[in-house]
1. Quick check: anything in segment 194-209 within 21 Å of the chain's Cα centre (by Cα), at pLDDT 75 or above and over 29 Å from Ile70 (Cβ atoms)?
2. Right, Glu82: acidic (Asp, Glu), touching a residue at least 12 places away in the same chain (Cβ under 8 Å), out of contact with any strand residue (DSSP E or B) (no Cβ under 7 Å at 6 or more places or on another chain) and surrounded by 18 or more Cβ atoms within 10 Å (Cβ to Cβ) or not?
3. Can you find even one residue in segment 169-189 that is open to solvent by less than 40 Å² (accessible area, probe 1.4 Å) and at pLDDT below 85?
4. Filter segment 95-115 down to residues that are hydroxyl-bearing (Ser, Thr, Tyr) and loosely packed, with under 11 Cβ neighbours inside 10 Å, then give me how many there are.
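The values are calculated or read from the model by the stated rules, or taken from the named source; none is laboratory data. All of these numbers come straight from a predicted model, not from anything done at the bench. FYI the Cβ positions are ideal-geometry reconstructions off the backbone, even for glycines, and counts take in every protein chain you see. Note: areas computed on protein heavy atoms with side chains; ligands, DNA, RNA excluded. Shrake-Rupley method; radii C 1.70, N 1.55, O 1.52, S 1.80 Å.
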Amino acid sequence: MEKKYTITEKQLAFLDSFLDRKGYTNNETKFELMDHLICDFEENGNGNLSQFLSNKLYFIEQQKFKKEKIFNRLYFKEMLKEFVSFFIDFKKISITILLFFLFYLTTVFFSEKVVLIVFAISLVSIQLYGLYTCFVEKELRKLEEFRALAAAVYLPSIVVHFFPFFKGLLNYKIAFSIFWALVFILMLSFSVYTKRKKDELVDKYKYLIKK
């Protein structure tokens, strides 16, 4: 099928600027979307790029969220693998055991109030570290990969909604220690993965960082 129109350089520049304003930046998602829109415009457009983009606005917005959801699922699966590695990786099992005994000794030898304070500080600290690792230049924060990564690292924070349960569990010191270790390792694994993934993405998109 022959093309009805050939997009001009001026229209290409307009399309590029338009996608920037819609939250896309110079990454694979933008290039894939541009390629699709250009082909569609040349095959089915009437030469009026502004009208064409207006008609495609919903599709353009959906592509951004669709890609971000894919990254969210991917990162979550990889973070869970990182968590599991603390129980099957010989090098990390010692960390898991050490944390359990450290938390158990804290639970046994200190008052309930002190234990809850230390418990809260340990989880908040590791969560803040995870959030800190997501900090990147504003050019990179626009990318779907970084937005999805930042969203994923928040997931372990849902444990704060179960704080009344934590207090009741203190009556069972071994159970509380196991639970504490599991939650801490979950947050730790998410933070470790986030730091590693962020470094990979920064290296991948370093050309976007303004000097």
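1. Checked against the condition, which is being within 21 Å of the chain's Cα centre (by Cα), at pLDDT 75 or above and over 29 Å from Ile70 (Cβ atoms), segment 194-209 yields no hits at all.
2. Working: acidic (Asp, Glu): yes; touching a residue at least 12 places away in the same chain (Cβ under 8 Å): yes; out of contact with any strand residue (DSSP E or B) (no Cβ under 7 Å at 6 or more places or on another chain): yes; surrounded by 18 or more Cβ atoms within 10 Å (Cβ to Cβ): yes.
Yes; evaluated as a whole, the condition is true for this residue.
3. Start the filter on segment 169-189 by keeping residues that are open to solvent by less than 40 Å² (accessible area, probe 1.4 Å), which leaves 169-170, 176-177, 180-181, 183-185, 187-189.
Okay, now just the ones that are also at pLDDT below 85, so 169-170.
Yes, because at least one residue in segment 169-189 is open to solvent by less than 40 Å² (accessible area, probe 1.4 Å) and at pLDDT below 85.
4. First pass over segment 95-115, keeping only residues hydroxyl-bearing (Ser, Thr, Tyr): 96, 104, 106-107, 111.
After this cut, where a residue has to be loosely packed, with under 11 Cβ neighbours inside 10 Å as well, the list is 111.
The number of residues fulfilling the criteria is 1.
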